[in-house]
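Derivation of every value follows stated rules applied to the coordinates shown; laboratory data play no part. Because the structure is predicted, anything quoted here is derived from the model rather than measured. With ideal geometry, Cβ positions are generated from the backbone for all residues, glycine too; neighbour counts draw on all protein chains shown.
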Amino acid sequence: MTEPASDRQTRIRTSRPKRRRSRAFRCGAGLIVAAAVLVSLELSVRALTADPGSRRFQQINQIVLFLGTHESDLMLDADPERFWKLKPGVRIEDSRNDFWKGRVSNSLGFRNPEFEIARKEGSLRIVCFGDSSTFGIGNRMAETWPAQLETQLRSTDCSADFSQIEVINAGVPGYSSWQGLQHMRQEIGRLQPDIVLASYANNDFWHWDDATDRAHAERFRQSTLRSVLLRSRVACLFDDLLSQLRQPGAEALQSPSPNKRWAQTATVNYVSPIPQWTRRVPLDDFRNNLSAMADLCGEHQAACIFVKWPDQPLASGQGSPREEYHEVLGQIAAERRLAVADVVASFQRHPWSVDTYIPNDIVHVDRAGNALAAQAALAAVRQVLGTPGSTDIGSPGPIASVPTN
């Protein structure tokens, strides 16, 4: 018997919503299952891996591990403002380790003996911001140039003018001037230094990938879906794999893993850069960073001294990629009448200085090299303080001095 048309239409109308609800239910259930799988995967990866932090933090760890410094990978921690920082209270005693020796950091995370944050009345406080040459790779804490500067200052007539002289080593391995500026912004207010020495350029011209430090920071901070995803450990691993595959020139080096291949290439870039890769801090950014450091010191009534650090070619009178950065440094110092601790000139005056570089290294020096650097820093500090016997370090006209309270 034929179904009446009216009954057929009624049946169709009542059955359609049921099918629609069934499809919606299946889609919803599928999304819930997929979300549960992703959450489970994320939790599993988080349980098995450390917080990757920014891409720059991942990269410095890859370089540290590639260099084979063993326990040294324990000394750095992620920092949202400056990519990485020293962990507090680190000590490394490993006979295989040529880079970090003995007590690495105090309880405050500085390469320094313990000190009180609060200033003592009538004291002189100097803070040395810088990279691994300030940190003192290859030396124990007391052998670094900031530590030797403190010893030299205490043995001069400067000591009679102050109740206490303290030099704080705020150097961190791998730092560029961009990181140094963020570091100074974080610490200068609470440390309240009379004098700041800033030593950068060693890592600014270094080629790590296709973006500058500033671009990496902006990428990490931007409030986009990509930024949210990059805080997922699973997404970080996937993004890191894609990044390694995109790196120009990396495929030319054969090694067991993309991370190791990248670290090997980046390390070679320190001496012979791949042109397609970008400097961590281009010259214009370097100029802006140093100018901002000088402004920051002025805001906090601290005298600013820039440090010119030599690599081994410069020490022997040869050319170096650092020279163009040193030229910018000199221009800013001249414009602002700031003192310069010219370690380059100090090394060039002593031919034996080329032998103070630690083995297989063109940047980091031993105790004797650090003593030369401390002498150059002492000359600049004495000029700022206006003490008799200070040497001419090439700054034009009057030098910005420590303000009197």
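Odds and ends about this structure:
- Taking amide H atoms as placed 1.01 Å from N in the peptide plane, the amide H of Ser105 lies under 5 Å from those of Gly89, Val90, each 5 or more residues away in sequence or on another chain.
- Residues Ile332, Ile358 in ascending order of nearby Cβ atoms (within 10 Å, fewest first): Ile358, Ile332.
- Long-range amide H partners of Ala341 with built H, under 5 Å: Phe306, Val307, Lys308
- Candidates per trypsin sites (Lys or Arg not before Pro) in segment 299-378, loop by DSSP, up to 15 other Cβ within 10 Å: Arg337, Arg349
- Prolate/oblate/rounded label for segment 162-205 (Cα gyration tensor, a/c 1.5): prolate
- What the phi angles of segment 318-332 give under the Karplus curve with 6.51, -1.76 and 1.60, with θ = phi - 60°, is a coupling list of 9, x, 7, x, 5, 4, 5, 6, 5, 4, 5, 4, x, 5, 5 Hz, glycine and proline written as x.
- Residue order, fewest to most beta carbons within 10 Å, for Trp206, Trp145, Trp100: Trp206, Trp100, Trp145
- Inter-label distance, Asn97 to Asp157: 4.4 nm, where each label sits 7 Å from its Cα along the C-beta direction.
- Sequence ranges 75-85, 134-144, 116-126, ranked by mean other-Cβ count within 10 angstrom, highest first: 134-144, 75-85, 116-126
- Cut-off 19 Å (backbone N to label point 7 Å along Cα→Cβ of Ser107), residues of segment 116-140: 116-120
- Separation between Cα centres of segment 162-209 and segment 349-376, rounded to whole Å: 20
- Karplus-derived 3J(HN,Hα), 6.51/-1.76/1.60, for each residue of segment 190-206, Hz, glycine and proline x: 7, 7, 6, x, 7, 9, 10, 9, 10, 10, 9, 2, 4, 10, 5, 7, 5
- Listed peptides 171-178, 57-64, 102-109 appear in the order 171-178, 57-64, 102-109 once ranked by packing, highest mean of other Cβ atoms within 10 Å at the front.
- Placed amide H near Asp210: partners under 5 Å, 5+ positions off or other chain: Thr278
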